[in-house]
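Data block below; observations after.
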Amino acid sequence: MYYNVGGKSLKLMSQQAEVAYIGLGSNLDDPMQQVQTAFDELAILPAIRMVAKSGLYRSPPVGPADQPDYINAVACIQTTLSAEPLLDALQGLEQAHHRRRIRHWGPRTLDLDLLLLGDQVIQSERLVVPHPQLTKRRFVLQPLMEIAPDLVIVGLGPVSVLLAQCPQMDLISVP
Ligand code: ROI
């Protein structure tokens, strides 16, 4: 797209908005509140518009069992940010929730995972999209199915089929 500015023709970067899905998780310091607050904070980030929020789901930890149950949810947003600035924004929110990386797969106040960014397939040092654990995690697929039942995930297929194939786990919807 070209704009005429002061007699000069300028080519601008297209600001094409993508639909992205973010996984939210918490199992420390009032997890339900952590996730609700994170929804609100996501919604007011620059260059991000909240499209849909799933309900909250409680499940036992996948990984080390000596930690509290998790609360999970998924948000659908629209954003003009590209992948790395979006990741920076998500990590900024995690830090604001005093997220510390103490041990691998350990408990956390807030985890924000970039699950999908349009149909983009990304494999960089910082980021793999679609999220590599997506198909194995019912606590992600169930809330994703709730807000995007017709979604077809690039390279993986319909979310409904992925959910049907995903191992069962103790996952309950919380009011
Ligand atoms: N387990 C559940 N149930 N929910 C999570 O969000 C979650 N996140 C993690 C690990 C530690 C793998 N386990 C989890 O990062």
* Counting just the residues of segment 43-58 that are surrounded by 20 or more Cβ atoms within 10 Å (Cβ to Cβ) and not in a loop (DSSP other than H, G, I, E, B), which one comes out nearest to the ligand (Cβ to nearest atom)? -> TYR57
* Of (1) over 20 Å from VAL51 (Cα atoms); (2) within 16 Å of the ligand (Cβ to nearest atom), GLY155 satisfies all except one. Which? -> (2)
* Asked: Would a scan of segment 113-132 turn up a residue that is closer than 25 Å to LEU93 by Cα, in a helix (DSSP H, G or I) and within 16 Å of the ligand (Cβ to nearest atom)?
  -> no
* State which residue is farthest from the ligand (Cβ to nearest atom) when the search covers only segment 59-89 and only residues that are surrounded by 21 or more Cβ atoms within 10 Å (Cβ to Cβ) and either at pLDDT below 95 or within 18 Å of LEU134 (Cα to Cα) (or both). => ILE77
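The values are calculated or read from the model by the stated rules, or taken from the named source; none is laboratory data. Keep in mind that this is a model prediction, so the values were computed, not measured. When we count neighbours, we look across all protein chains shown, and the Cβ atoms used for this are built from the backbone with ideal geometry, even at glycine.
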